[in-house]
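Here's the structure we're looking at; comments come further down.
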Amino acid sequence: MPTNQPSMSFQFLRNLTEKFSWIDKRTGIRTTGFNPPKSATDIKRVPYHIKYVTAAGRVEEGNCITLKVNTRLKQRTVRFVADEKAKDPNIKGSGAIRVVRDYLVIEVDGIRILTH
(Lines give C-alpha, C1' and ligand atoms only; values in the text may rest on other atoms or scores of the structure.)
Protein backbone atom coordinates (compact mmCIF):
# COMPACT_ATOMS: atom_id res chain seq x y z
CA MET A 1 0.00 0.00 0.00
CA PRO A 2 1.53 3.34 -1.00
CA THR A 3 2.10 6.02 1.60
CA ASN A 4 0.96 9.61 1.24
CA GLN A 5 3.84 11.83 0.19
CA PRO A 6 3.95 15.41 1.50
CA SER A 7 3.26 18.06 -1.12
CA MET A 8 6.13 20.26 0.13
CA SER A 9 9.43 18.87 1.35
CA PHE A 10 11.69 20.01 4.15
CA GLN A 11 14.25 20.98 1.51
CA PHE A 12 11.73 23.34 -0.12
CA LEU A 13 11.14 24.95 3.28
CA ARG A 14 14.89 25.42 3.68
CA ASN A 15 15.07 27.06 0.23
CA LEU A 16 12.45 29.61 1.32
CA THR A 17 13.99 30.44 4.70
CA GLU A 18 17.78 30.33 4.28
CA LYS A 19 18.52 33.03 1.70
CA PHE A 20 21.35 35.54 1.77
CA SER A 21 21.74 38.92 0.08
CA TRP A 22 25.15 40.33 -0.85
CA ILE A 23 26.90 42.80 -3.15
CA ASP A 24 28.79 41.04 -5.92
CA LYS A 25 32.38 42.22 -6.18
CA ARG A 26 32.58 41.89 -9.97
CA THR A 27 29.37 43.71 -10.90
CA GLY A 28 28.53 45.78 -7.82
CA ILE A 29 24.93 44.51 -7.96
CA ARG A 30 23.03 43.23 -4.91
CA THR A 31 22.35 39.51 -5.43
CA THR A 32 20.14 37.05 -3.56
CA GLY A 33 21.00 33.37 -3.22
CA PHE A 34 21.99 30.57 -0.90
CA ASN A 35 25.80 30.46 -0.84
CA PRO A 36 27.48 33.87 -0.94
CA PRO A 37 30.99 33.80 -2.42
CA LYS A 38 33.95 34.64 -0.21
CA SER A 39 34.62 37.77 -2.25
CA ALA A 40 31.11 39.17 -1.59
CA THR A 41 30.64 42.22 0.62
CA ASP A 42 27.72 43.38 2.80
CA ILE A 43 26.32 39.88 3.38
CA LYS A 44 22.89 39.88 5.07
CA ARG A 45 20.15 37.36 5.75
CA VAL A 46 16.94 37.89 3.75
CA PRO A 47 13.92 38.29 6.07
CA TYR A 48 10.72 36.32 5.41
CA HIS A 49 7.21 36.23 6.85
CA ILE A 50 6.42 33.04 8.74
CA LYS A 51 3.25 31.65 10.31
CA TYR A 52 3.72 28.64 12.58
CA VAL A 53 2.26 26.72 15.51
CA THR A 54 4.19 26.83 18.78
CA ALA A 55 4.81 23.76 20.91
CA ALA A 56 2.07 25.07 23.26
CA GLY A 57 -0.44 25.10 20.36
CA ARG A 58 -0.65 28.86 19.65
CA VAL A 59 -0.39 30.23 16.11
CA GLU A 60 2.26 32.96 15.80
CA GLU A 61 3.47 34.94 12.84
CA GLY A 62 5.95 37.66 11.99
CA ASN A 63 8.96 38.65 9.91
CA CYS A 64 12.15 36.86 10.87
CA ILE A 65 15.58 35.71 9.77
CA THR A 66 17.08 32.27 10.31
CA LEU A 67 20.02 32.23 12.72
CA LYS A 68 20.77 28.51 13.00
CA VAL A 69 19.37 25.27 11.54
CA ASN A 70 19.41 21.79 13.05
CA THR A 71 18.59 19.47 10.14
CA ARG A 72 18.71 16.33 12.28
CA LEU A 73 15.95 17.56 14.61
CA LYS A 74 14.21 19.52 11.80
CA GLN A 75 14.12 22.78 13.69
CA ARG A 76 15.52 26.27 13.21
CA THR A 77 16.37 29.17 15.47
CA VAL A 78 14.88 32.45 14.22
CA ARG A 79 15.01 36.10 15.27
CA PHE A 80 12.00 38.33 14.65
CA VAL A 81 12.86 41.56 12.83
CA ALA A 82 10.98 44.66 11.63
CA ASP A 83 9.03 44.59 8.39
CA GLU A 84 10.97 46.51 5.73
CA LYS A 85 7.73 47.32 3.89
CA ALA A 86 6.01 48.80 6.96
CA LYS A 87 4.56 52.28 6.53
CA ASP A 88 5.95 53.53 9.85
CA PRO A 89 9.79 53.32 9.84
CA ASN A 90 9.88 53.75 13.64
CA ILE A 91 8.39 50.28 14.23
CA LYS A 92 11.20 47.94 15.25
CA GLY A 93 11.11 44.15 15.29
CA SER A 94 10.78 42.53 18.69
CA GLY A 95 14.17 40.85 18.35
CA ALA A 96 12.79 37.76 20.08
CA ILE A 97 14.68 34.55 19.37
CA ARG A 98 12.56 31.41 19.05
CA VAL A 99 13.00 27.80 18.04
CA VAL A 100 10.59 26.82 15.24
CA ARG A 101 9.99 23.19 14.41
CA ASP A 102 9.80 22.62 10.64
CA TYR A 103 6.81 20.28 10.85
CA LEU A 104 4.75 22.98 12.65
CA VAL A 105 5.25 25.67 9.97
CA ILE A 106 1.98 26.67 8.26
CA GLU A 107 3.15 29.18 5.67
CA VAL A 108 6.22 31.13 4.56
CA ASP A 109 5.82 34.33 2.50
CA GLY A 110 2.25 33.36 1.63
CA ILE A 111 3.18 29.84 0.43
CA ARG A 112 1.36 27.09 2.33
CA ILE A 113 3.74 24.41 3.63
CA LEU A 114 2.88 20.77 4.29
CA THR A 115 5.89 18.92 5.70
CA HIS A 116 4.33 16.31 7.97
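The values are calculated or read from the model by the stated rules, or taken from the named source; none is laboratory data. If you're wondering where the values come from, they're calculated on a predicted model, not measured in any experiment. We place every Cβ from the backbone using ideal geometry, glycine too, and count neighbours over all the protein chains shown.
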Report the residue count in the stretch 68-84 for those that are part of a strand (DSSP E or B) and surrounded by 13 or more Cβ atoms within 10 Å (Cβ to Cβ).
-> 7
Within the stretch 59-82, restricting attention to residues that are of a type in the set (K, R) and more than 18 Å from E107 (Cα to Cα), which residue is modelled with the highest pLDDT?
-> K68
Tell me which residues, restricted to the stretch 7-38, are more than 30 Å from R112 (Cα to Cα) and among the β-branched types (V, I, T).
-> I23, T27, I29
Which condition does A55 not pass, out of (1) hydrophobic (A, V, I, L, M, F, W, C); (2) within 13 Å of L13 (Cα to Cα); (3) outside any strand (DSSP E or B), if it passes all the others?
-> (2)
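Okay, residues lined up against (1) surrounded by 14 or more Cβ atoms within 10 Å (Cβ to Cβ); (2) farther than 13 Å from E18 by Cβ; (3) of a type in the set (D, E, K, R):
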site	(1), (2), (3)
G28	no, yes, no
T32	no, no, no
N35	no, no, no
K51	yes, yes, yes
A56	no, yes, no
V59	no, yes, no
T66	yes, no, no
K38, sole failed condition from (1) in contact with an Asp or Glu (Cβ under 9 Å, 6 or more places away or on another chain); (2) part of a loop (DSSP other than H, G, I, E, B); (3) not aromatic (F, W, Y) = (1)
